[in-house]
Ligand code: OOG
Ligand code: MG
């Protein structure tokens, strides 16, 4: 750790205020170029602690930057991990208020729900599939608090990996009924296809992203709890959205899920 507790608390408050007020900020490594990975996750943990102390519930976890398309789009080379609380979850059919967001983008994702907790280190695809209750389609709405969506990995980790909103829906299926690598994914905006891909775009197998998350948490003495929703990461590049847009994600065998932006 390079930052003291006071600085970490101040940066967490700053980033969370930007989130809650839909205000952007230069990336925090501009002011703190020496901050390390532990500092970045400590800032993210402090944002979670602030939310929990105000009554939020932790309902899930996310992996991000798990596909080459996403890594290339953001100019980075390693996955990152974040948390999901109840206020991020949008029921299908309700509208996402763009006035609460800075510059939202949508991503097509495969969501996992576990029947048993998963612990790392040493977690692998087999362990993930054995512990998975079902998978289902999800649209993640990301909204970096950083100006023009420009960041480095430590800044984006501190900013809870741009997490903002998400919806899951469609048809839940057990993983043994599917080949998650060849699962086709089509995302439409206002009726036009804007991105398409297959599950293997995520680390060759979406369950590998969940294994990486379990191994990341294992190093910190934590597990992925049963019942949590886990977003395994955008299959394709993220697509910008604005008020009036309608986004529909269709995943092979898993039906569709959609979101409207107001
Ligand atoms: C970071 C979050 C990336 C994903 O699925 O790749 C992410 C960002 O691109 O702002 O959630
Ligand atoms: Mg994502």
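The values are calculated or read from the model by the stated rules, or taken from the named source; none is laboratory data. Values in this document were obtained by computation on a predicted structure and should not be read as measured data. With ideal geometry, Cβ positions are generated from the backbone for all residues, glycine too; neighbour counts draw on all protein chains shown.
Structure values in brief
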read-out: Number of the condition not met by residue 240 [criteria: (1) closer than 25 Å to residue 99 by Cβ; (2) surrounded by 15 or more Cβ atoms within 10 Å (Cβ to Cβ)]; value: (2)
read-out: Inter-residue pairs, beta-carbon under 7 Å, first touching a residue at least 24 places away in the same chain (Cβ under 8 Å) and in the stretch 220-232, second assigned to a loop (DSSP other than H, G, I, E, B) and crowded, with 16+ Cβ neighbours inside 10 Å, 6+ apart; value: 223/119; 232/66
read-out: Positions within the stretch 121-163 being within 8 Å of ligand 1 (Cβ to nearest atom) and over 27 Å from residue 258 (Cα atoms), in sequence order; value: 151
read-out: Near pairs, Cβ below 7 angstrom, 6+ apart or cross-chain, from the stretch 64-90 (on the phi < 0 side of the Ramachandran plot) to any residue that is modelled with pLDDT under 95 and away from ligand 1 (no atom under 12 Å from the Cβ); value: 71/77
read-out: The stretch 157-177, residues that are touching a helix residue (DSSP H, G or I) at 6+ places or on another chain (Cβ under 8 Å) and more than 12 Å from ligand 2 (Cβ to nearest atom); value: 157, 158, 159, 175, 176
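Quick grid of which residues meet (1) within 15 Å of ligand 1 (Cβ to nearest atom); (2) within 16 Å of the chain's Cα centre (by Cα); (3) more than 30 Å from residue 41 (Cβ to Cβ); (4) not in a loop (DSSP other than H, G, I, E, B):
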residue: 222; (1), (2), (3), (4): no, no, no, no
residue: 227; (1), (2), (3), (4): no, no, no, no
residue: 234; (1), (2), (3), (4): yes, yes, no, no
residue: 242; (1), (2), (3), (4): no, no, yes, no
residue: 248; (1), (2), (3), (4): no, no, yes, yes
residue: 254; (1), (2), (3), (4): no, no, yes, no
residue: 257; (1), (2), (3), (4): no, no, no, yes
